[in-house]
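Take a look at the structure set out below.
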Amino acid sequence: MRQVMKIVIAATTAALTLTACASGTTTPAATTATSAASSSAPALKIGMAYDVGGRGDQSFNDSAAAGLDKAKTDFGVESQESAATNGEAESAREERLNQLIEAGYTNIVAVGFAYATSVQKVASENPDVKFAIVDDSSITADNVMNLTFAANQGSFLVGAAAALTTKTKHVGFIGGVETDLIKSFEAGFDAGVKAVDPSIKIDSKYLTQPPDFSGFSSVDKGKAAAEGMYQGGADVVYHAAGGSGGGVFTAAKAAGKWAIGVDSDQAKTAAEDVQSVILTSMIKRVDTGVYYFIKSIHDGTFKGGTQVFDLKTDGVGYSTTGDHLSADTIAKLDEYKQQIIDGTITVPDK
């Protein structure tokens, strides 16, 4: 049985800043290397295997990249990075991990649950290589750290924000790919909306079904889904769709409605011309998790097993960039947050 550990995140991690790439930047599938600051000691070598979208997705992958970038500054890390592509076979993910190992990057972060099968296989074949996998707890191995996040809790808070903001009593949720993980975002969002007002209508749409993971990187699909919701009467739409969220923001801007971001504070990372329509974002501190893994290797404290980042540990939350949330709304959200931490409210994940 894997060991589930709750982490108390040190105050210094709160200072992590997201360093997302500019809008429109894409990361090719080809591997790229980044040199760390010079040091007399051998550099700590970290391999990063991103999910579809890679650096520049303004969301999930960029949050992971921010944790790596902070580690570069703090520990003189040398990194090699590679990203998945739409529709690639499982063998491609496995090959990506093996290529990093062959290049000498024997501490590897696999960004996303889609790497679970490959990490399971490659980790068992390379017991001396240390792995972290984001958003998966299915693997039990001494050399694998599972970085998991209570996204349902953060989604509850932005659901409540949507309910406290809507004028039409009609909101929406767009998921990138219909998986159990993304369904937990939806479950938390729905619960937050209903906690405020059970009569509010909630539209829900997933962009693709597994094994098609293009729903996390299709701006056009995100835009079309959001346009339909806004035209149907929704005035706040929350997306958990990775890079496809850029299309949601474009649709919100055109409709004069609100959108809610995910993973990163997207009012800071999205294209400048749409930042003003982002009501709030559900913050999932993938940067904190990645940094935690790298720091554990640097400090010699690495231990396989599941690490849970939740509201109590500041692993998830919501943003206030843009000052769109009223003081009363923030007070109510913080009240809900405390009730979740205290156990008064149990947020569903299905």
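The values are calculated or read from the model by the stated rules, or taken from the named source; none is laboratory data. What you see is a predicted model, and the numbers here were worked out from it, not measured in a lab. Ideal geometry is used to build each Cβ from the backbone, glycine not excepted, and the neighbour counts take in all protein chains shown. Calculation scope for accessible area: heavy atoms of the full protein, side chains included, ligands and nucleic acids excluded. Shrake-Rupley method; radii C 1.70, N 1.55, O 1.52, S 1.80 Å.
If contacts are Cα pairs under 8 angstrom and at least 6 residues apart, what is the relative contact order of region 118-185 in percent? Mind showing how you got there, number by number?
Working: 53 pairs, mean separation 14.8, N = 68.
Relative contact order of region 118-185: 22 percent.
In percent, how large is the relative contact order of region 134-229, given Cα pairs closer than 8 Å and 6 or more residues apart?
29 percent
From Cα pairs below 8 angstrom and at least 6 apart in sequence, can you work out the relative contact order of region 47-139, rounded to a whole percent? Working shown, then result.
Values: 127 pairs, mean separation 29.7, N = 93.
Computed over region 47-139, the figure is 32 percent.
Can you tell me the dipole magnitude for the chain around its Cα centre, using point charges on the Cβ only (Lys, Arg +1; Asp, Glu -1), in Debye to the nearest 20?
Using Cβ point charges on Lys, Arg, Asp and Glu, the chain gives about 440 debye.
I need the calculated FRET efficiency for the pair residue 141 and residue 220, taking r as the beta carbon distance and R₀ as 35 Å, to the nearest 0.05. It would help to have the intermediate numbers written out before the result.
On the way: r = 39 Å, r/R0 = 1.11.
Once rounded, the FRET efficiency stands at 0.35.
About the Cα centre, and with charges only on the beta carbon of Lys, Arg (+1) and Asp, Glu (-1), how big is the dipole of region 197-317? Nearest 20 debye, please. Spell out each step's value before the answer.
Numbers: 12 positive and 14 negative charges, 32 e Å.
Here region 197-317 has a charge dipole of around 160 debye.
Near residue 202, within a Cβ-to-Cβ distance under 12 Å, what is the net charge of the other residues, with Lys and Arg +1 and Asp and Glu -1? Walk me through the numbers before you get to the answer.
Working: positive: 169, 194, 201, 205; negative: 186, 190, 197, 203.
Charge balance in the 12 Å sphere: 0.
So for 199, 217, 184, what's the accessible-area order with a 1.4 Å probe, most first?
199, 217, 184
Might you work out the accessible area of residue 298 for me, using a 1.4 Å probe with all protein chains in place, and round it to the nearest 10 Å²?
Rounded to the nearest 10, the figure is 100 Å².
So what does residue 95 come to for accessible area, using a 1.4 Å probe and Å² rounded to 10?
Using a 1.4 Å probe on the heavy atoms, I get roughly 100 Å².
Take the solvent-accessible surface of the protein heavy atoms, probe 1.4 Å, and return the percent of it on region 112-174 that carbon and sulfur atoms account for.
About 46 percent, which is the carbon plus sulfur part of the accessible surface.
Specify which residue in the list 80, 116, 67 is farthest towards the positive end of the charge dipole of the chain, using unit charges on the beta carbon of Lys, Arg (+1) and Asp, Glu (-1), about the Cα centre.
It is 67, whose Cα lies furthest towards the positive end.
So how exposed is residue 105, as accessible area in Å² (1.4 Å probe, rounded to 10)?
It works out to around 10 Å².
Could you work out [θ]222 nm for the chain from helices alone, using -39500 (n - 2.57) per DSSP H run of at least four and dividing by all its residues? Round to the nearest 500 deg cm²/dmol.
Calculated from helices alone, the mean residue ellipticity at 222 nm is -11500 deg cm²/dmol.
Is region 142-242 rounded, prolate or oblate when judged by the Cα gyration tensor, a ≥ b ≥ c being the square roots of its eigenvalues, rounded requiring a/c under 1.5 and prolate requiring a/b larger than b/c?
oblate
What number comes out for accessible area per residue over the chain if the probe is 1.4 Å? Units Å², please. Provide the component values of the computation, followed by the final result.
On the way: 13860 Å² over 350 residues.
Averaged over the residues of the chain, the accessible area is 40 Å².
Could you look at region 247-350 and say what percent of its accessible area is carbon and sulfur, using a 1.4 Å probe and all protein chains?
46 percent
In the set [x] 60; [y] 35; [z] 46, which value of percent of Cα pairs over 29 Å apart was calculated from the structure you see?
So the structure-derived entry is [y].
Can you classify region 39-182 as rounded, prolate or oblate using the Cα gyration tensor, where a ≥ b ≥ c are the square roots of its eigenvalues, rounded means a/c under 1.5, and otherwise it's prolate if a/b beats b/c and oblate if not? If you can, show how the numbers build up before the last one.
Details: a/c = 2.27, a/b = 1.74, b/c = 1.30.
Judged from the Cα gyration tensor, region 39-182 comes out prolate (a/c at least 1.5, a/b above b/c).
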